[in-house]
Amino acid sequence: MNSAPALPAASRENPFPVRWTTRAVWIGLGLYVIYAAARLELTWERFVFGLGNGGRFLARMVPPDFTKMDLLWKGLSESLEIAVIATVFGVILSLPVGLAASRNLMPVWATWPARAFIALCRSFHPVIVAILFVKAVGFGAIAGILALIVASVGFIAKLFAEAIEEISLKQVEAVRATGASFMNVIFMAVVPQVLARFTGFATYQLDSNLRNSTMVGIVGGGGIGSTLFTAFQKFDYDFVLTILLAIIAIIFVGEILAGWIRRTFQ
Amino acid sequence: MIADQRRWERFTPQERLLRFTFYLVAVAAFMVSVQTVDVIPEFLYDAPEQVVDLFARMWPMDWKYYPKSVHEALIETLHIASLGTILSLALALPVGILAARNVVPVAAINQLAKLILVSSRSVNSLVWALLFVAIFGPGALAGTLAIAFRSIGFVGKLFGEALEEAQRGPVEALTAAGAPWPSVFLKAYWPQVQPAFWSIALFRWDINIRESAVLGLVGAGGIGVALDTALTLLYWDQVAVVLLTIFAVVILAEIIVTTIRSRII
């Protein structure tokens, strides 16, 4: 009776048992990589050949060409303008759409179409939307602006609807109990609860529109993207590097600014 | 006097000044942008006719184009997106570990890793694709690498943040038992961040399906090539087929991701 019962052997053997499902997932991923690489004809020789090419390419990029600053500045400022205008209109449009899509405040006949509209805005890449707008309104900044407005609505309206769905309904009830109209309920009970998060979304979207505005230019939507694409087609690789550095710098500064704005509004 | 001093105010004067500056700058930036942006109003007048024309040319859709060139390109797009995501996971894991301050407590290395992540995110996938097409020539290799390099920043940032939120307990226990650092990582950090890791991977795969659909516009393979061909030839009925295919695949990918996510998390 004085000896302690021996521990079952199994519980001492391995504190970290082998999980066969996890292992199967890893093996499956490995097999898929081999299959897909073969399917896409990604071979090692091609990669190595490309690396030599890449060396020559990089050599042509350095040193960056700082002589065409007026061209660079024209493209950059247009990109900034596109991003700012698209964010402002995107946010203004997202307010009613997001509100209509919030299931705790709105009836089903309002949320369903609003949600479908948001899903439609989200499902196409901004570049594809830009192609369609270039056809509709011609080359230039306006096509880029419209494409980014669509992208902004798809993103912010969704987040805004989710933010409204998470609010506390007590304040809504309290304001309603005073006999307030619908708009009063929105401005006195809903907006104060979501304003801080909403500024967060808006600054994030400005950041994201800035990134995307460098891209819509490739299909004719104006901005630094068109400058970049032209430089590529002219094999002006040293100017390409200048543009890339400028884009990275602007987005870096934008990220710092966005963080600063978020802290101000916390 | 005392009552006056104790009056409650939501913001300090400094906070109010900051907010006011922000609003002022925002309005000024918007005004300046609207006034200087290059918009040709004449182009806008016939926009409604152009849109009607666009839809008229798209309808009826040219379904024969799907088996001819779209299907093959669609499969290629799916492989580019999946392979690119897997490659980015492999590349982002070490960078994410280096960026986590609690795993690698050297500030210089953290900063370097963060710089890599920001650069990867700042350059758009289309721009990455342009670069890789110039290096490796047109085709799926350039597309896969573009997707992978664009995703490193996203995956690495989120993975690094997940690592920083990991609890100290298991790490200390294993370190105290004398475990070497690979074991500490595999048995203390990895089990804690594994759900976050798979969730990030799925999220990025969903985004990459969307992004890989347009890479073909710059010659990096996939369904974008079929789109580009149809656009250049102004065959809008074929463009419509490609767009509808992309739409269907994107919706399908979102459904798959939501289902898997609710299963494993």
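For the stretch A:189-204, just list the computed ³J(HN,Hα) in residue order, Karplus coefficients 6.51, -1.76 and 1.60, θ = phi - 60°, integers in Hz, with x standing in for Gly and Pro.
10, 8, 4, x, 6, 10, 4, 5, 5, 5, 4, x, 4, 5, 5, 4
Hey, what's the Kirkwood Rh for the stretch B:193-250 if you take every pair of different alpha carbons, in angstrom?
Values: mean 1/r = 0.0804 Å⁻¹.
For the stretch B:193-250, inverting the mean 1/r across all distinct Cα pairs yields 12.4 Å.
With a 1.4 Å probe and all protein chains in place, put B:53, A:65 in order of accessible area, largest first.
Ranking B:53, A:65 by accessible area, largest first, yields B:53, A:65.
Quick one: what are the phi-derived ³J(HN,Hα) couplings along the stretch B:90-96, Karplus 6.51/-1.76/1.60 with θ = phi - 60°, whole Hz, x for glycine and proline?
Taking θ as phi minus 60°, the curve returns 4, 6, 7, 4, x, 5, x Hz for the stretch B:90-96.
Kirkwood Rh and Cα-based Rg: tell me the resulting Rg over Rh for the stretch A:23-92, rounded to two decimals.
1.29
Sort B:228, A:70 from largest to smallest accessible area, using a 1.4 Å probe on the heavy atoms of the protein chains.
A:70, B:228
If you wrap a convex hull around the alpha carbons of chain B, what volume per residue comes out, as a whole number of Å³?
So the per-residue hull volume is 262 Å³.
Which one, A:259, A:156, A:102, projects farthest toward the positive side of the charge dipole computed for chain A from Cβ point charges (K/R +1, D/E -1)?
Working it through, the farthest residue towards the positive pole turns out to be A:102.
Sticking with the crude label model, points 7 Å out along Cα→Cβ, report the distance from residue A:41 to residue A:187 in nm, one decimal please.
6.5 nm
Can you pull the Kirkwood radius for the protein assembly as shown, inverse mean 1/r over Cα pairs, to one decimal in Å?
About 25.9 Å for the protein assembly as shown.
Can you give the mean number of other chain Cβ atoms that lie within 10 Å of the Cβ atoms in peptide A:137-145?
Mean partner shielding for this stretch: 5.
Distances longer than 15 Å among the Cα atoms of the stretch A:210-266: what percent of all pairs is that? Don't skip to the answer; put the middle values down first.
Numbers: 878 of 1596 pairs.
Here the long-distance tail beyond 15 Å is 55 percent of all Cα pairs in the stretch A:210-266.
Dividing the convex hull volume of the alpha carbon atoms of the stretch A:111-178 by its residue count, what do you get in Å³ per residue? Provide the component values of the computation, followed by the final result.
Details: hull volume 7.6 nm³, N = 68.
It is 112 Å³ per residue.
Starting from 0 in steps of 5 Å, tell me what percent of the Cα-Cα pairs of chain A lands in each bin.
1, 5, 9, 10, 11, 10, 10, 10, 9, 7, 5, 4, 3, 2, 1, 1, 0, 0, 0
Which ³J(HN,Hα) values in Hz, rounded to whole numbers, follow from the phi angles of the stretch A:22-32 under the Karplus curve 6.51 cos²θ - 1.76 cosθ + 1.60, where θ = phi - 60° and Gly and Pro get x?
3J(HN,Hα) across the stretch A:22-32, in whole Hz: 4, 4, 5, 4, 4, 5, x, 4, x, 4, 4.
Students often check this: by mean Cβ neighbours within 10 Å, which of B:154-167, A:132-145, A:39-52 ranks highest, and how do the rest follow?
Details: B:154-167: 19.7, A:132-145: 23.4, A:39-52: 12.9.
By packing density, highest mean first, the sequence is A:132-145, B:154-167, A:39-52.
Could you compute how much accessible area chains B and A hide from each other, both sides summed, with a 1.4 Å probe? Nearest 100 Å² is fine.
Looking at B and A, the buried total is near 5900 Å².
Projected area of the stretch A:58-183, taken from the Cα convex hull and averaged over every viewing direction, in nm²?
For the stretch A:58-183, averaging the hull's shadow over all directions gives 11.9 nm².
Do you know the relative contact order of chain B, to the nearest whole percent, from alpha carbon pairs under 8 angstrom that are 6+ apart?
Averaging sequence separation for qualifying contacts and normalising by length gives 25 percent for chain B.
The values are calculated or read from the model by the stated rules, or taken from the named source; none is laboratory data. Quick caveat: nothing in here was measured; it's all calculated off a predicted structure. Methodologically, a virtual Cβ is constructed for each residue, glycine included, from the backbone with ideal geometry; neighbour enumeration extends over all protein chains shown. For the accessible areas, the whole protein counts, side chains as well, though only heavy atoms, and no ligand, DNA or RNA atoms are used. Shrake-Rupley method; radii C 1.70, N 1.55, O 1.52, S 1.80 Å.
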